[in-house]
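Accompanying notes for the structure given below.
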Amino acid sequence: MNYQRFFTDAIDALKAERRYRVFADIERVVGRFPHAIRHTPEGTRPVVIWCSNDYLGMGQNPAVIEAMAETARRMGAGAGGTRNISGTHHPIVRLEQELADLHGKEASLVFTSGYVSNATGISTIARLIPDCLILSDGLNHNSMIEGVRAAGREKAIFRHNDVEHLEDLLRRAGRERPKLIVFESVYSMDGDIAPIGRICDLAERWGAMTYIDEVHAVGLYGPRGAGVAERDGEMGRIDVIEGTLGKAFGCLGGYIAGSDAVIDAVRSHAAGFIFTTALPPAVAAAAEASVRHLKASAAERARHQAQVARTKAALAGAGLPILDTPTHIVPLMVRDPELCKAASDRLLERHGLYIQPINYPTVPRGTERLRITPTPFHDDALIEGLTAALVEVWSHLGLPFEATAHSVAAE
């Protein structure tokens, strides 16, 4: 039996469909973000990163780095094992207190990633509710889909952000049946926002529990950076809030926040928590420093929004086909997998700009795109350079513009 053939065939199939992914070898340099070093077989080259989920550059914040370094020097590199066997180190206790306070909840629980917190949190919560019906938004992240699947409960998918469809499903289920509505605040590929208040209205009317994924919103929205639900005054109406420490907070890990009863039940029953090594103390300390800083400082959020607005205006003014989004995510539509990869490659090789192509299955076929995420550190000169480079790439590949403004931008 030639077992290797199964794997080579699988890779060949991806390449034939133009879905094979190549990772860029990038070395971030403290103090120079978003400038970085790209390693190639021909040597190193400078690159500007335009697709990082370190939305605020907090991964290079001096206070965050110092918290990590000081804790590692004092407590060592690893956590020593699972929290059940090796004990809970104090930095992760402090982090969970900080996160519970951020979201105005009684407690929180930290996991090793946002993916794990969703997959484990949703599945455990739904399994603990007898006859639970899970109602899931049609564009929920893969981690949420996996959590719904692993729960082993009946599920119903409502059309993306369609509250009329959601209400119809709730009505069919009836008020007496236990129900869990799972949805996101910011959808990371299209950059749109859920109608949180209207979903909460329906949950209260039909007796459903709510679970919101705020991974692309925590740190970025709200007076203290707790997310869109905080910004919109709806945070207290959400039963469980899930977030990540690996995006705007610039570190690693995921978490859920909710009532004492919910968090304790997940802690006590979730295999994805019980049997997993805890985050190292240094990582927890760095995340705590980041969360604490962004609770008190709105400067990063204000600068971020300003540079996002400037980027959108520059790209739209050049006739580039960006989706009009109300968030910090700037999707630049290509709608062809080969051309999307070609555009990404040319940006990297000719212009030293790194923007990873987004193809199926991350997005539906025919909606391939470049996903641009400006940060507070992408200054006006970088935005101007990005715009000119994209105009050159679009012209070179014969990609369609939406207006004639690109001819002016190219001059």
Item to check | Residue among Arg175, Arg171 that alone is open to solvent by 10 Å² or more (accessible area, probe 1.4 Å) and in a loop (DSSP other than H, G, I, E, B) | outcome: Arg175
Next on the checklist: Tell me whether region 289-296 contains one or more residues that are touching a residue at least 12 places away in the same chain (Cβ under 8 Å), within 26 Å of Thr210 (Cα to Cα) and surrounded by 24 or more Cβ atoms within 10 Å (Cβ to Cβ).
Outcome noted: yes
Checklist entry - If the Cβ limit is 9 Å and pairs must be 6+ apart or interchain, which residue in region 63-76 that is within 19 Å of Gly31 (Cα to Cα) pairs with which residue that is open to solvent by 80 Å² or more (accessible area, probe 1.4 Å) and among the acidic types (Asp, Glu)? => result none
Checklist entry - Given the residues Ala261, Ala271, Ala265, which is the only one that is surrounded by fewer than 22 Cβ atoms within 10 Å (Cβ to Cβ), free of Cβ contacts under 8 Å to residues at least 12 places away in the same chain and either closer than 12 Å to Val116 by Cα or not polar (S, T, N, Q) (or both)? => result Ala261
Checklist entry - How about region 125-183: which of its residues are within 23 Å of Ser259 (Cα to Cα), small (Gly, Ala, Ser) and under 18 Å from the mean Cα position of the chain (by Cα)? => result Ser136, Ser143, Gly147
Checklist entry - From the list Thr311, Thr327, which residue is open to solvent by less than 10 Å² (accessible area, probe 1.4 Å) and either without any contact (Cβ under 8 Å) to a residue 24 or more places away in the chain or outside any helix (DSSP H, G or I) (or both)? => result Thr327
Checklist entry - Taking Ala217 and the conditions (1) more than 23 Å from Ser259 (Cβ to Cβ); (2) touching a Gly at 6+ places or on another chain (Cβ under 6 Å); (3) among the hydrophobic types (A, V, I, L, M, F, W, C); (4) buried (at least 21 other Cβ atoms within 10 Å of the Cβ), which numbered condition does it fall short on, given that it satisfies the others? => result (1)
Item to check | Verdict on Gly191 being under 23 Å from Ala126 (Cβ atoms) and modelled with pLDDT of 95 or more | outcome: no
Next on the checklist: Kindly evaluate Gly219 against the criterion of being farther than 27 Å from Ile92 by Cβ and of a type in the set (Gly, Ala, Ser).
Outcome noted: no
Item to check | region 45-67: number of residues that are acidic (Asp, Glu) and open to solvent by less than 30 Å² (accessible area, probe 1.4 Å) | outcome: 1
Checklist entry - Any idea which of Arg224, Arg301 is assigned to a helix (DSSP H, G or I), open to solvent by 10 Å² or more (accessible area, probe 1.4 Å) and in contact with a Leu (Cβ under 8 Å, 6 or more places away or on another chain)? => result Arg301
Checklist outcome for this item: Taking region 187-203 and keeping only residues that are over 22 Å from Val148 (Cβ atoms) and either open to solvent by 20 Å² or more (accessible area, probe 1.4 Å) or touching a Pro at 6+ places or on another chain (Cβ under 8 Å) (or both), one is left with Gly191, Asp201
Checklist entry - With respect to Pro357, is the statement that it is buried (at least 19 other Cβ atoms within 10 Å of the Cβ) and touching an Asp or Glu at 6+ places or on another chain (Cβ under 6 Å) true? => result no
Checklist outcome for this item: Residue hits (region 230-245; assigned to a loop (DSSP other than H, G, I, E, B), surrounded by fewer than 20 Cβ atoms within 10 Å (Cβ to Cβ) and not charged (D, E, K, R)) are Gly233
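The values are calculated or read from the model by the stated rules, or taken from the named source; none is laboratory data. What you see is a predicted model, and the numbers here were worked out from it, not measured in a lab. Ideal geometry is used to build each Cβ from the backbone, glycine not excepted, and the neighbour counts take in all protein chains shown. Heads up: the accessible areas ignore ligands, DNA and RNA and are worked out on the full protein's heavy atoms, side chains in. Shrake-Rupley method; radii C 1.70, N 1.55, O 1.52, S 1.80 Å.
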